[in-house]
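The structure under discussion appears below in the form of structure tokens.
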Amino acid sequence: MSDKEHIAVAVKNRASNKNKVIVIGGGPAGLMAAEVLIQGGVQVELYDAMPSVARKFLMAGKGGMNITHSEPLDTFLSRYGKRRAELKPMIESFGPDALREWVQGLGISTFVGSSGRVFPTEMKAAPLLRAWLHRLREAGVVFHMRHRWCGFCNEKNNALRFDTPDGEVIAHADAVVLALGGGSWARLGSDGAWVALLEQRGIAVAPLRPANCGFDVGWSQHFSEKFAGHPLKSVIVSFTDAAGDIHTRQGDVMITVTGVEGGPVYALSALLRDEIEKNGSAVIRIDLVPGKDLNRVMGEVDHPRGARSMSSHLQSRANIRGVQSGLLRELLDRADFDRPAQLAAAIKSLPVRLIAPRPLDEAISSAGGVVFEVMDEHLMLRALPGVFCSGEMLDWEAPTGGYLLTACFASGHHAGRSVLDWLNSGLRREHLSVG
Ligand SMILES: Cc1cc2nc3c(=O)[nH]c(=O)nc-3n(C[C@H](O)[C@H](O)[C@H](O)COP(=O)(O)OP(=O)(O)OC[C@H]3O[C@@H](n4cnc5c(N)ncnc54)[C@H](O)[C@@H]3O)c2cc1C
């Protein structure tokens with residue numbers, strides 16, 4: 001359907017339907033729910049605490065927005081780990097292909113990068129968001145910005161309280177979609193304050209925890225001052241879990257003031273975080289020179305070095321310099337740094353002990369959220385009929401690679417559809433409806 005056709009359908013449907021749905025949270029999940037709802041012919045009012053919507057989505061677009069992934073659907077679904085089963089129907093109904101088509105429908109083409117990740121052509125979120133908001137407004141979605149949801153105002157669930165610059169506002173709806181995000185990057189709007197509001201109503205929420213995050217190591221001041229901000233290029237990071245399975249990822253690891261971050265660390269972060277929670281620390285091993293085997297490294301390190309220091313020998317024979325060399329010095333005993341066998345083994349498999357994940361606010365995403373067991377398969381809270389949840393506020397996690405946004409869009413889409421079905425079905429409990 002073209003943009004004009006989308007809008008015409010929405011306007012026509014709405015004229016004959018008096019149901020009003022409130023969506024709270026204008027990130028990708030809430031906006032997608034709003035789109036499905038307005039096309040389904042109900043009146044849609046979207047509330048957000050911030051002065052403008054989708055700030056995290058825009059931030060995601062700054063580093064080259066990775067909207068989804070092109071790998072086979074089965075592999076794609078495996079990225080959601082133990083929540084695969086719950087997310088499967090949503091992603092089968094609005095998954096990577098549908099998402100790319102939808103982006104195309106906004107006049108933005110996508111391309112598949114060498115890693116299989118899918119990006120909008122300009123790698124940015126802003127043009128997509130602009131076109132999308134224009135379409136939503138034209139179709140009739142009403143936006144209320146600077147409206148912070150602060151709970152339900154009665155024993156029922158259809159009257160909602162909002163803090164606004166002009167004082168408290170109470171709004172009523174026939175159904176509500178919550179799309180309040182996770183708990184990271186609070187300055188962009190999703191601060192996790194909703195957790196207490198739902199818990200007060202007896203809704204079980206798994207604690208929000210950092211996902212796709214960096215970790216603290218506790219560097220010496222000297223190493224931190226000299227190497228924070230330096231990347232270890234194209235290294236292999238591995239972690240052996242309690243069952244003895246080895247998980248490896250290759251990419252750039254960034255040295256931070258307190259520890260490490262970057263693609264391979266984020267990809268392993270759920271395992272590492274869980275290991276730290278269980279045992280107090282987690283040890284990763286870094287292969288600093290994936291292109292060379294141990295024998296070759298041993299030959300280079302063991303080559304006669306005359307009067308040269310080990311550091312300058314490493315630089316000239318093995319091309320190990322700068323941050324790589326500094327890291328070996330930081331983590332190896334002084335004596336081992338001068339012993340070829342120990343040094344070569346460390347270059348190929350340097351143990352780095354991680355002592356804590358970085359705080360939730362710094363993480364790319366959150367684990368935890370509204371547990372699936374308190375919702376039906378339509379994402380409606382069993383204890384609060386007419387209230388649906390979607391996006392990162394649900395209890396799932398996934399690595400970066402487009403899986404986060406895809407699940408947010410898919411669950412927003414599913415929540416929107418489910419609300420329409422619920423409003424049109426006999427399941428709706430009339431006593432919950434106030435004008
Ligand atoms: C730096 C960074 C880069 C990222 N890059 C990628 C990427 O490339 N690919 C990818 O797949 N994912 C990426 N992500 C993750 C992705 O952006 C999020 O998973 C996604 O935005 C979550 O969508 P959401 O709609 O669930 O919540 P959010 O986008 O967080 O939106 C929630 C909305 O709810 C509003 N809100 C919260 N509480 C209230 C309240 N009480 N009252 C009213 N409104 C409220 C907030 O203001 C916000 O607008 C990135 C995240 C970050 C931080």
Using θ = phi - 60° and the Karplus relation 6.51 cos²θ - 1.76 cosθ + 1.60, list the HN-Hα couplings for region 283-295 in order, rounded to whole Hz, with x at every Gly or Pro.
-> 9, 9, 10, 10, 8, 6, 9, x, x, 10, 8, 4, 4
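Tell me, what is the Rg over Rh of region 244-314, with Rh the Kirkwood radius over Cα pairs?
Working: Rg = 16.3 Å, Rh = 14.9 Å.
Dividing the radius of gyration by the Kirkwood radius yields 1.09.
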Name the trypsin sites (Lys or Arg not before Pro) in region 50-150 that are in a loop by DSSP and that have at most 10 other C-beta atoms within 10 Å, would you?
-> none
What does the charge dipole of the chain about its Cα centre add up to, to the nearest 20 debye, if the Cβ of each Lys and Arg holds +1 and the Cβ of each Asp and Glu holds -1?
-> 780 debye
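How much length is gained on full extension from His144 to Ser281, taking 0.36 nm per residue of separation minus their Cα-Cα distance? Each step should come with its number before you reach the end.
Working: separation 137, 0.36 × 137 = 49.32 nm, distance 4.51 nm.
Net length gain for the segment: 44.8 nm.
Quick one: length gained pulling Asp302 to Asp163 fully straight, 0.36 nm per residue minus the C-alpha distance? Please list the in-between numbers first.
On the way: separation 139, 0.36 × 139 = 50.04 nm, distance 6.87 nm.
Extending this stretch completely gives an extra 43.2 nm.
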Got a number for carbon plus sulfur as a percent of region 330-435's accessible area, 1.4 Å probe?
-> 52 percent
Tell me, what is the FRET efficiency for Val371 and Leu294 to the nearest 0.05, using R0 = 56 angstrom and their Cβ-Cβ distance as r?
-> 0.75
Taking GluC sites (Glu not before Pro) in a DSSP loop with at most 15 other Cβ atoms within 10 angstrom as exposed, one finds the longest site-free stretch of the chain at 156-376
Rank Asp287, Asp166, Asp191, Asp293 by accessible area, highest first, at a 1.4 Å probe radius?
-> Asp166, Asp293, Asp191, Asp287
Compute the acute angle (0 to 90°) between the alpha-carbon long axis of helix 3-15 and the principal axis of greatest extent of the alpha-carbon atoms of the chain; round to the nearest 10°.
-> 40 degrees
Taking θ as phi - 60°, what are the ³J(HN,Hα) couplings along region 398-405 by the Karplus curve (6.51, -1.76, 1.60), each to the nearest whole Hz, with x for Gly and Pro?
-> 7, x, 5, x, x, 6, 5, 5
Using a 1.4 Å probe and ignoring any ligands, DNA or RNA, find the accessible area of Val142 and quote it in Å² to the nearest 10.
-> 60 Å²
Could you give the dipole magnitude of region 285-435 about its Cα centre, charging the beta-carbon of Lys and Arg +1 and that of Asp and Glu -1, in debye to the nearest 20?
-> 860 debye
For the chain, alpha-carbon Rg relative to the globular expectation (2.2 N^0.38 Å, N residues) | 1.14
Of Lys88/Lys348; Lys56/Lys233; Lys62/Lys88, which sit over 32 Å apart, Cα to Cα?
-> Lys88/Lys348
What distance in nm separates the simple spin-label points at Glu199 and Arg130, each placed 7 Å from Cα in the Cβ direction?
-> 4.2 nm
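Could you provide, to the nearest whole Å², the per residue accessible area of the chain with probe 1.4 Å?
Values: 19010 Å² over 435 residues.
On a per-residue basis, the chain sits at 44 Å².
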What lysines could a cross-link reach from Lys18, if we take a straight Cα to Cα line under 28 Å and drop same-chain neighbours fewer than 8 places away?
-> Lys4, Lys156
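Using only DSSP helix segments of four residues or longer, with each worth -39500 (n - 2.57), what per-residue ellipticity at 222 nm results for the chain after dividing by its residue count and rounding to 500? Please report the intermediate quantities before stating the final value.
On the way: 16 runs with 165 residues, N = 435.
That calculation yields -11000 deg cm²/dmol at 222 nm.
Between Asp274 and Ala383, what is the FRET efficiency for a Förster distance of 25 Å, r being their Cβ-Cβ separation, to the nearest 0.05? Write out the running numbers ahead of the final one.
Working: r = 29 Å, r/R0 = 1.15.
Calculated transfer efficiency: 0.30.
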Using θ = phi - 60° and the Karplus form 6.51 cos²θ - 1.76 cosθ + 1.60, what ³J(HN,Hα) does each residue of region 203-215 get, whole Hz, x for Gly and Pro?
-> 8, 6, 10, 5, x, 6, 9, x, 10, 6, 10, x, 9
Which residues' amide hydrogens lie under 5 Å from the amide hydrogen of Val44, considering only partners 5 or more residues apart or on another chain, with H built in the peptide plane?
-> Val21, Val142
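Based on alpha-carbon positions alone, could you give the equivalent ellipsoid semi-axes of region 123-229 from the gyration tensor, as √(5λ), descending, whole Å?
Values: eigenvalues 256, 104, 33 Å².
The answer is 36, 23, 13 Å, longest axis first.
For region 189-279, what is the charge dipole size about the Cα centre, in debye to the nearest 20, if Lys and Arg each add +1 at the Cβ and Asp and Glu each add -1 at the Cβ? Write down the numbers at each step before the final one.
Numbers: 7 positive and 11 negative charges, 23 e Å.
Around 120 debye, computed over region 189-279.
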Reachable aspartates and glutamates, given that their alpha-carbon falls under 13 Å from the alpha-carbon of Lys292 and they are not under 8 places away in the same chain | Glu300
What is the set of long-range amide H partners of Ser234 at a cut-off below 5 Å, with H atoms built 1.01 Å from backbone N?
-> Gly251, Asp252, Val253
How large, in percent, is the carbon and sulfur part of the accessible surface of region 164-306 at a probe radius of 1.4 Å?
-> 51 percent
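The values are calculated or read from the model by the stated rules, or taken from the named source; none is laboratory data. None of these values were measured; they are calculated from a predicted model. We place every Cβ from the backbone using ideal geometry, glycine too, and count neighbours over all the protein chains shown. Quick note on the areas: whole protein, heavy atoms, side chains included, nothing else; ligands and nucleic acids left out. Shrake-Rupley method; radii C 1.70, N 1.55, O 1.52, S 1.80 Å.
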